[in-house]
Amino acid sequence: MESAKKFLKLSITLMAAALIFTIAVPRVAHAITATLVYITNTPANPVPVAAQPSVTTVVGTNSADVQNNSLVDLGTYDVSQFSTIRFYGDPATSPTVTVEFILLVADPQGNEFLLDSLSVSGRVRLPSVTGIYQTPGKSLHVIAVASCSDTNCPTTIPANITIFGRQ
C-alpha cells in the first residue's frame, strides 16, 4: 500500500511538472523569439520589406504636322531616371500615308544610337505603334518621317507621341 502511495505521489508530481512545463515553455519560447526579432530588426540591420509598386509617369508628349516626304524633330526627353520606357506613336493617317518614328538614345557621353524604328500606315483600322524598352540611356530623341504614295496626298500629316517612364 505504501508503495502505491509513493507511486501515486510520484505520478501526480510528474503530471504537475509536465503541466507547468507545457504552460510555461510556449511563453518562454515566444519571449525568446520576440527578443531575437527585436534585436535583429534595428536601424543598422533592418528587416527587408516588400518593394514599393512601380509608378508609371508621362515623360513627355508632342504633336507635329509633318510635311509629305520630310521629317520633323519631335524632341529629346530625359529618361535617365526610369527603369523602362514605353513609346506610343499615334499618327492620324490616310490609307496611303506612312509615318515612321525613329527613336535615338544617348549614352552618358552624349553619343546617339538607334534604339528602334517604328512604322505605321493608315492601312490599319486604328494606326498606332508602341514599344517598351529597358533603360535605354540618358535621353530619348524622337524623329518622325512621313511619306505618301498617292497623288492626292495631304499637305501635312499629324504625328502624335507620348513617352511613359516606369521607375
Any hit, region 50-66, residues being surrounded by 10 or more Cβ atoms within 10 Å (Cβ to Cβ), modelled with pLDDT under 85 and of a type in the set (A, V, I, L, M): no
Of the criteria (1) touching an Asp or Glu at 6+ places or on another chain (Cβ under 6 Å); (2) at pLDDT 90 or above, which one T96 fails: (2)
Whichever residue in region 90-106 is farther than 11 Å from I143 by Cα and of a type in the set (A, V, I, L, M) and, among such residues, is surrounded by the most Cβ atoms within 10 Å (Cβ to Cβ): V97
Of all residues making up region 56-79, the number that are in a strand (DSSP E or B) and closer than 20 Å to D107 by Cβ: 7
Region 123-138 - residue that is surrounded by fewer than 17 Cβ atoms within 10 Å (Cβ to Cβ) and either in contact with a helix residue (DSSP H, G or I) (Cβ under 6 Å, 6 or more places away or on another chain) or modelled with pLDDT of 80 or more (or both) and, of those, nearest to S70 (Cα to Cα): S128
Unique residue being at pLDDT 85 or above, in the same structural domain as S147 (by TED's automatic domain parsing), assigned to a loop (DSSP other than H, G, I, E, B) and surrounded by 13 or more Cβ atoms within 10 Å (Cβ to Cβ) when the list is F87, F82: F82
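The values are calculated or read from the model by the stated rules, or taken from the named source; none is laboratory data. Given the structure is predicted, the values throughout are model-derived calculations rather than measurements. Positions of Cβ are backbone-derived with ideal geometry, glycine not excepted, and every protein chain shown enters the neighbour counts.
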